[in-house]
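Take a look at the structure set out below.
Only the coordinates and a few stated rules stand behind these numbers; no lab work does. Fair warning: this is a prediction, and the values are worked out from it, not measured in the lab. Cβ placement follows ideal geometry from the backbone for every residue including glycine, while neighbour counts extend to all protein chains displayed.
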Amino acid sequence: MIKLDPSFMGKVIKPGRYTGNELNIVRKDPATTLASFALAFPDVYDVGMSNLGLKILYHILNQMSDVAAERVYAPWVDMELVMRQEGIPLYTLENMRPLAEFDVVGFTLQYELSYTNILNMLDLADIPLLASQRSAQHSLVIAGGPCAFNAEPLADFVDFFVLGDGEETIKDVAHAVIEWKRSGKAGGKAEILARVAAIEGVYVPAFYDPIYHADGRMAAVTANHPAAKTPVNKRIVRDLDGAEYPNKPVVPYLDVIHDRVMLELFRGCTRGCRFCQAGVIYRPVRERQPQTLLKLAQELVDNTGYDEISLTSLSSADYSCLNNLVESLIERFKNQGVSVSLPSLRVDSFSIKLAQEVQKVRKSGLTFAPEAGTQRLRDVINKGVTEKNLEEAVGAAFQAGWSTVKLYFMIGLPTETDDDVRGIADIAYKVLDLYKTIKGRRGAKVTVSVSSFVPKPHTAFQWYAQNDMVEIERKQQLLRSLLRDRNISFNWHDVKVSFLEGVFARGDRRLGKVLLSAWQQGAKFDGWSEHFRFDVWQEAFRQSGIDPAFYALRDREHNEVLPWDHLSSGVDKEFLLQEYRAALAGGLTVDCRRGMCGDCGVCSGLGVEVIDWGEGRNDKVTTGDY
Amino acid sequence: MTKLRLEITKGEEIRYISHLDYARTMERALRRSKMPVAYSEGFNPHMKMSFASALSVGVTSEAEYMEVELSKPVSAEKVFAALAHQLPPTIAIKRVKEVVGKQKALMAMVNLAVYKIVMPWHGDQMEYVAKDAVSRFNRTETVLYVKENPKGNREIDIKKYIAEAVEVVVGPKGAELSMVVWITPQGSVKPSEVLKVLVEDFAFPGSFEAALIKRSGLYVQIDHERLSPMEM
Ligand code: SF4
């Protein structure tokens, strides 16, 4: 057990990040369990504590009597310095146990720019970085989460990846590890890898060999082991309503982000925005029943004492029974000082009515995401929002007393012209004018937040060449010159960060050496502007002889083998291509949740169904008696 | 409206949480206890609770006080039982009493804090050097210290806040200091600040960062009578 000396805890900011002892932690005696998991988030505690996926895995693993799961986060740079000086290895918060003592160290991959932190954490834990350097005596390093759908840039470092919903997979993995340990780890590491490779949703990169063309493009990824599946399908929870949910999550002392009850209404979103990866990899939509959610909300409030329930899902306003649910929650909890909040609003007046009912958003402004500045471009990305929708929504918000509006857009989308970019500014001014028309005076504040589009694997835009940094900067400049009203504030993203994100999002296994080299030269916390060092990355690319533009800035052939083709979300590549073509033609695709099935391949391919408890649905999908 | 006063201890394991974190922790524990806590009116209702004196980060305490208002009368015993079950393992509740009659706010009431500080053992010379440092400190009339603050530094005379001579005994673990400090409407001095001065200006042995500081009492001193808020 690691002991922290007060003399060095005084040297770090927020020492509470490293001391654990929070409410509801599960602390098991390592001697009484057969398998141990360290669940790792590759960023600081205050960011990582809010991750729902890890809360779910923590809950499920600790429900198993012979398994222990503990938590670990990336120490901030000040604590890292102390740990390196004092020789303290990276440890978990429950038992202050060194990571290297765990059977499994599992990382969640939420963001490409956290990859160097994974390397740094392994290094701080004294665990060899390369999978090939780790034997049966070392921890197994595994990873899951959205970025696992293109696992390749991390393939050198991770023993196996878990694709899709983790609820069931993690139990299978735990059982496999227990059996392997019972056998005295017979067959060594090769044996455990072969065992897990047979589990649905598990990808063991060492069992596959990438082959490249002379020009650098991928020729094929071939299996080299009998247990290797091609492709590896994601795992999916068919009955989300019946799935286990963390009803007694750890409650931090520190003020962390999203520090509230998180109630997951449903998983998946089939609105079909063509830039959105989550909309593909979490398909299809599966809702929980309102009664289940009310029961969970009660347990969560009772077990945590939080004063806010956040309805979290990809697009919470789409929940079929939202009105009833919100009313019931408000009614039930109002005497306990517990409010309800919605993290995202749809661009329509229905959402405004709802926002009026829930209190928490009152004091802050409202956020809408039209994503693109013109109708033409919104059609390209299949964002089903019209100018009229936006006008109605914002108008309703102003009438209801709001005066601050935040608008989210992207630049660098396929087919984008300068007119589309100017359209963003037009919308901002229209919103200001709308306020004046409604209220008879000026006084609205509009924040225009513009991110740079990064094409992601498993989306319709996975073939598209990302705009280069010069082009994005030019468009940012154009917007800056147009948004010169003091009632409009304009935020944009660092082009270098988006470029690097784009390289790793669609990268292949060869990027492993770049990652290693950048980390060796000090790259870490790349997602934090104060730590991001582009020069280090440029040097790492140069030393590795790899051109980052090859990954991010190249239009890929439609028949090209993509580095993630052997990892399947269940959505057919052909469907994505069809969507890409529809995008270029400006054609719309309807949401299959209540509209027609677009035949993306998930439901038939993985034997699942859309589950939505609302009325008036397409009768192809079973309702009610599921 | 029932008002209750609570006496609470804050343990070793959570000494690194701030006062705000602690306040939030208590608020959540009260909510879990399902006691009928009163809320303020308005869009963002707040639980009606207040604290005596904020504890600095890194300090443990045997004497934290807070008050909470209830919307329905519930006995102190019942609240004690309900809340005791809901506290994280590192926070304990010692006593609960009902506040009767009109009383000053806790924060305005307490004016004296007692701290116990353990400085880890620091070699054979410790006893002599420690006692000498403390006695010189006690004899010095004015001890200036610059309080650092992001909004600008401020020089204070520490001795104005020292209510009694600092005491030191040296045992097997190290030196144990006792400090009695005034809390005034114009401010106070932190035990860590006194310690820092003792080490840096009076050659007290050891590194002040390694010290374990505990608040052992928080009082209302009127003339020569020293009462705990639970006795008011
Ligand atoms: S298969 Fe059809 S219903 Fe299922 S997610 Fe795809 S488009 Fe929707």
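Would you calculate the separation in nanometres between label points at A:N559 and A:D78, each defined as 7 Å from the Cα along the Cα-to-beta-carbon direction?
Computed distance between label sites A:N559 and A:D78 equals 5.9 nm.
Once R0 is set to 60 Å, what does the formula 1/(1 + (r/R0)^6) return for the Cβ-Cβ distance between B:V100 and A:R422, expressed as a FRET efficiency to the nearest 0.05?
On the way: r = 70 Å, r/R0 = 1.16.
That pair, B:V100 with A:R422, gives E of 0.30.
Treating the beta-carbon of each Lys and Arg as +1 and of each Asp and Glu as -1, no other charges, what is the dipole magnitude of region A:6-233 about its Cα centre, to the nearest 20 debye?
340 debye
Would you order A:F490, A:F350, A:F37, A:F409 from fewest to most other beta-carbon atoms within 10 Å of each residue's own beta-carbon?
Lowest to highest Cβ neighbour count: A:F350, A:F490, A:F409, A:F37.
On a straight-distance basis, which lysines could pair with B:K104 in a cross-link, Cα separation under 19 angstrom, same-chain partners fewer than 8 positions away excluded?
The qualifying lysines are B:K3, B:K48.
For region A:257-309 and region B:14-53, what is the centre-to-centre distance using only Cα atoms, to the nearest Å?
Rounded to whole Å, the Cα centres lie 27 Å apart.
Enter the Cα centre distance for the pair region B:81-111 and region A:499-546, rounded to the nearest angstrom.
What the calculation gives is 53 Å, centre to centre.
Which one, A:C273, A:I257, A:F575, projects farthest toward the positive side of the charge dipole computed for the protein assembly as shown from Cβ point charges (K/R +1, D/E -1)?
A:I257
For region A:1-150, take the alpha-carbon Rg, divide it by the Kirkwood Rh, and send me Rg/Rh.
0.93
Looking at B:P205, B:V189, B:F137, which one has the Cα that reaches farthest to the positive end of the dipole of region B:112-231 (charges on Cβ: Lys, Arg +1; Asp, Glu -1)?
Ranked along the dipole, the leading option is B:V189.
Where a ≥ b ≥ c are the square roots of the eigenvalues of the C-alpha gyration tensor, would you call region B:112-231 rounded, which needs a/c under 1.5, or, failing that, prolate if a/b is larger than b/c, or oblate? Walk me through the intermediate numbers first.
Values: a/c = 1.78, a/b = 1.26, b/c = 1.41.
Judged from the Cα gyration tensor, region B:112-231 comes out oblate (a/c at least 1.5, b/c at or above a/b).
I want to check the label-to-label distance for A:L478 and A:N323. Put each point 7 Å from Cα in the C-beta direction and report it in nm to one decimal.
Placing both labels 7 Å along Cα→Cβ, they lie 4.2 nm apart.
Please tell me the relative contact order of region A:6-233 in percent, rounded to the nearest whole number, where contacts are Cα pairs under 8 Å and at least six residues apart.
Relative contact order here is 16 percent.
Can you tell me what share of the DSSP beta bridges in the protein assembly as shown is antiparallel? A percent to the nearest 5 is fine.
Counting DSSP beta bridges with both partners in the protein assembly as shown, the antiparallel share is about 55 percent.
If you restrict to DSSP beta bridges whose two residues both lie in region A:6-233, what percentage is antiparallel, to the nearest 5?
Counting only bridges with both partners in region A:6-233, antiparallel ones make up about 30 percent.
Can you return the lysines within cross-link range of A:K430? Criterion is Cα-Cα under 26 Å, with same-chain partners fewer than 8 residues away left out.
Candidates past the 8-residue exclusion: A:K353, A:K363, A:K383, A:K388, A:K406, A:K439, A:K445, A:K475.
Just rank A:T19, A:T367, fewest to most, by other beta-carbon atoms within 10 angstrom. It would help to have the intermediate numbers written out before the result.
Details: A:T19 20, A:T367 16.
Lowest count first: A:T367, A:T19.
Using Cα-Cα distances under 8 Å and only pairs 6 or more residues apart, what relative contact order does region A:158-273 have, in percent?
It rounds to 27 percent for region A:158-273.
Below 16 Å, Cα to Cα, which aspartates and glutamates can A:K436 reach? Residues fewer than 8 away in the same chain don't count.
A:E391, A:E392, A:D426, A:D485
Tell me, B:S178, A:S569 in order of fewest to most beta-carbon neighbours within 10 Å?
Details: B:S178 15, A:S569 27.
Placing the least packed residue first, the sequence is B:S178, A:S569.
Which entries in B:K151/B:K214; A:K55/A:K171; B:K151/B:K196; B:K72/B:K97; B:K94/B:K214 show an alpha-carbon gap greater than 18 Å?
Table pairs above 18 Å Cα-Cα are B:K151/B:K214; B:K151/B:K196.
Over chain B, what is the relative contact order in whole percent, taking alpha-carbon pairs under 8 Å and six or more residues apart?
Details: 434 pairs, mean separation 58.1, N = 232.
Over chain B, the number comes to 25 percent.
Only four residue types carry charge here, +1 at the Cβ of Lys and Arg and -1 at the Cβ of Asp and Glu. Report the dipole size of region B:2-107 about the Cα centre in Debye, rounded to the nearest 20. Numbers along the way, then the final one.
On the way: 17 positive and 12 negative charges, 65 e Å.
For this selection, approximately 320 debye.
So, in nm, how far is label A:D126 from label B:L144 when the simple model puts each one 7 Å beyond its Cα toward the Cβ?
With each label point 7 Å from Cα toward Cβ, the separation is 5.0 nm.
At 0.36 nm per residue, minus the direct Cα-Cα distance, what do B:V74 and B:E13 gain on full extension? Give it in nm, one decimal, please.
Numbers: separation 61, 0.36 × 61 = 21.96 nm, distance 3.13 nm.
Full extension of this stretch gives 18.8 nm more.
Of A:G184, A:V67, A:L584, which is farthest along the charge dipole of chain A in the positive direction, counting Lys and Arg as +1 and Asp and Glu as -1 at C-beta?
A:L584
Assuming 0.36 nm per residue, please report the length gained on full extension of the stretch A:F350 to A:M1 beyond their Cα-Cα distance.
120.3 nm
Placing unit charges on C-beta atoms (Lys and Arg positive, Asp and Glu negative, everything else neutral), compute the dipole magnitude of chain B about its Cα centre in debye, rounded to 20.
Computed about the Cα centre, the dipole is about 960 debye.
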